[in-house]
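Accompanying notes for the structure given below.
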């Protein structure tokens, strides 16, 4: 199995960037389209969780947009073969000392790269380093 094949990393990078763009723009239908359209899809959030794409869709439409200025750092994309990838990143917002964490499992499906599982958390004692 090839780890981090450059062409696959590039594909997942583009998919992840498009997902992040939809997330920051507050486009719930577009966001949900990046997830596997299955009752098996799982997303654990900061104070929520959804099992199945229908719970995800309902939750997304009920959510307020993200605060302005979301910034990512230390994004890591690791691919395994040509059909499986894990994306991990940290995020923060201007004026906040909290650093969140986001993990996603991506799989190449007939519809393209889709998130099959996601986890978002904000540890209580994290801080944005000054730089």
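Every read-out reported here was derived from the displayed coordinates using simple, explicitly stated rules and does not represent laboratory data. Here the structure is a predicted model, which means the values were calculated and not measured. Every residue, glycine among them, receives a Cβ derived from its backbone with ideal geometry; neighbour counts consider all protein chains shown.
Pick from 70, 60, 114: which is most flexible by mean-square fluctuation in a GNM of the chain where alpha carbon atoms under 10 Å apart are linked?
The residue with the greatest mean-square fluctuation here is 70.
Please list, in order, the residues from the range 1-32 whose amide nitrogen is less than 13 Å from a point placed 7 Å along the Cα→Cβ vector of residue 109.
Under 13 Å, as judged by backbone N against the label point of residue 109, lie 32 of the range 1-32.
How much length would be gained if the chain were fully extended between residue 83 and residue 71, taking 0.36 nm per residue of separation minus their Cα-Cα distance, in nm to one decimal? Intermediate values should be presented prior to the final figure.
Numbers: separation 12, 0.36 × 12 = 4.32 nm, distance 2.76 nm.
Length gained between residue 83 and residue 71: 1.6 nm.
Helix-only estimate, please: 222 nm mean residue ellipticity of the chain, summing -39500 (n - 2.57) across DSSP H runs of length 4 or more and dividing by its residues, to the nearest 500.
Details: 3 runs with 36 residues, N = 131.
Rounded to the nearest 500, the figure is -8500 deg cm²/dmol.
List the residues of the range 57-80 whose backbone N lies under 16 Å from a point placed 7 Å from the Cα of residue 38 along the Cα-to-Cβ direction.
none
Build a GNM of the chain with springs between Cα atoms under 10 Å: which of 47, 85, 25 gets the top mean-square fluctuation?
Largest GNM mean-square fluctuation: 47.
Evaluate the distance, in nm, between pseudo-label points positioned 7 Å from the Cα of residue 25 and of residue 48 along their respective Cα→Cβ axes.
2.0 nm
Percent relative contact order of the chain, based on C-alpha pairs within less than 8 angstrom and at least six residues apart?
That works out to 24 percent.
So which residue, out of 27, 40, 11, gets the largest mean-square fluctuation from a GNM of the chain using Cα contacts under 10 Å as springs?
Maximum among the listed residues: 40.
Just one of (i) 8.5; (ii) 9.4; (iii) 13.1 is mean projected area of the Cα convex hull in nm² calculated from these coordinates, so which is it?
(i)
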